[in-house]
Each structure stands twice: as structure tokens, then as C-alpha cells.
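Here is the structure we will look at, set down as C-alpha cells.
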Amino acid sequence: MTEMVPLLFTLENKRVKIIGGGQIAFRKAKAFLKSGATITIISPQICEELVNLPTIKLMNKYFEKDDIKDAHIVIAATNDKNTNKFIKDCMTDFQWFNDVSDQSNSDFHTPAVVRRGDLVVSVSTSGKSPVLSKKIKKELENYFEDHYSEIVNEYAIERKKPAID
């Protein structure tokens, strides 16, 4: 079996297309919001929370193959397995795909994340149990309190100091 590789990406100037306009699409869009990516939502029905997100492009329409031709990352967040399969079939080998309803049909998973400044701690069950990931995330949020962002900055300063022989 192939193992997942945890990575952190810089998404500045990358294009993320999310097909679906409900609460799951909202959570995915919110997760990508501060990444610097250009986020587009494609759905004939878009929930109010998505409408209120800043800097997100909304396309109030049904998905068509050409909608993702320029995307780097595509997320199928519909409640229709046939639509999600069609979206996957429209992908190229050079695009990253996530089907929120079928992790075995995905190129990547989005982990549960705890952020404290530049400290990023992520938890994944490789798509097997999002509930467990969220539970562990809550525990980590209690452990890694806000002052950890200061600790990271202090270590960064120490790291920049020249070594004394």
C-alpha cells in the first residue's frame, strides 16, 4: 500500500477550484483563504457563508469540464457521487484532486490543523476517520497554547545567530 506524504505548500498565485456550494465547500474554501491561492467556487446553489467570504470568485452554474482546465487544485465537494466522479474524469495528470466524499478517489487529504503563528501542527487519519482527527486536534489546541507562536519566533532568532566556535 502507498503511504501518504505530509507536506506544507505555498499556494500563492495557484488556482483552487471547489465544485459545490454547501457547508463542506465553505469549510474547504475557508481553509484555503489565507494561503494566497485564487479560489473559485462553482455551483448552481451557493450557501450564504460562501457569499460572505472575501476574495473568492463565485460561479453560479453547473460544472463543465472547461471550468477546471487552468486549476492547480480541484476539490469535488458536491453531494453527488456521479458528479464527483465526472470531475475526477476531467482532471489532467498535472492537477491535484480531492473528493471530499471518497478519500480513496483523492490525490491528497486535508488534515485537521492547529496554528499558533508559524507553528503548524496537523493531524490526519489518511481520510479514515475525520472525527478522530478533529478529536485529536481539540486536544492539541489545548496543549499548544497561543504563547507557542512567541516560542517559534524566539527559536528563529536563535537560529539566525552566527555559530561561535
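The values are calculated or read from the model by the stated rules, or taken from the named source; none is laboratory data. Here the structure is a predicted model, which is why all the values come from computation and not from measurement. Cβ atoms come from the backbone with ideal geometry, glycine included; neighbour counts cover every protein chain shown.
With the condition kept exactly as written, say whether any residue in the stretch 90-97 is under 25 Å from Asp118 (Cβ atoms), in a loop (DSSP other than H, G, I, E, B), of a type in the set (Asp, Glu) and more than 11 Å from the chain's Cα centre (by Cα). No, the stretch 90-97 has no match at all.
The number of residues in the stretch 49-82 that are modelled with pLDDT under 95 and either assigned to a helix (DSSP H, G or I) or over 19 Å from the mean Cα position of the chain (by Cα) (or both) comes to 6. Close contacts from the stretch 73-98, counting a first residue that is under 18 Å from Ala37 (Cβ atoms) and in contact (Cβ under 8 Å) with a residue 12 or more places away in the chain and a second that is among the charged types (D, E, K, R) and buried (at least 19 other Cβ atoms within 10 Å of the Cβ), with Cβ to Cβ under 6 Å and a gap of 6+ residues or different chains, come to Val74/Lys17; Ile75/Lys28; Ala76/Asp99; Ala77/Lys28.
Looking across the stretch 102-156, the residues that are of a type in the set (S, T, N, Q) and outside any loop (DSSP other than H, G, I, E, B) come down to Gln103, Ser104, Asn105, Ser122, Ser133, Asn142, Ser149, Asn153. Looking across the stretch 37-81 at every residue that is surrounded by 21 or more Cβ atoms within 10 Å (Cβ to Cβ) and of a type in the set (Ser, Thr, Tyr), the one that is nearest to Phe108 (Cα to Cα) is identified as Thr78.
Taking the conditions (1) in contact (Cβ under 8 Å) with a residue 60 or more places away in the chain; (2) touching a Gly at 6+ places or on another chain (Cβ under 7 Å); (3) not in a loop (DSSP other than H, G, I, E, B) in turn, Ile41 satisfies each one other than (1). Checking the stretch 2-13 against the condition returns a match, with at least one residue being in contact with a helix residue (DSSP H, G or I) (Cβ under 8 Å, 6 or more places away or on another chain), part of a loop (DSSP other than H, G, I, E, B) and of a type in the set (D, E, K, R). The condition of being under 22 Å from Lys69 (Cα atoms) and among the small types (Gly, Ala, Ser) holds for Ser106. Taken over the stretch 112-165, the criterion of being buried (at least 16 other Cβ atoms within 10 Å of the Cβ), over 25 Å from Glu3 (Cα atoms) and of a type in the set (A, V, I, L, M, F, W, C) is satisfied by Phe144 alone. Restricting the stretch 14-31 to residues that are in a helix (DSSP H, G or I), touching a residue at least 40 places away in the same chain (Cβ under 8 Å) and out of contact with any helix residue (DSSP H, G or I) (no Cβ under 8 Å at 6 or more places or on another chain), the residue that is farthest from Asp99 (Cα to Cα) is Ala31. Residues in the stretch 1-35 that are within 13 Å of the chain's Cα centre (by Cα), surrounded by 12 or more Cβ atoms within 10 Å (Cβ to Cβ) and not aliphatic (A, V, I, L, M): Phe9, Lys14, Arg15, Lys17, Phe26, Arg27, Lys28, Lys30, Phe32, Ser35.
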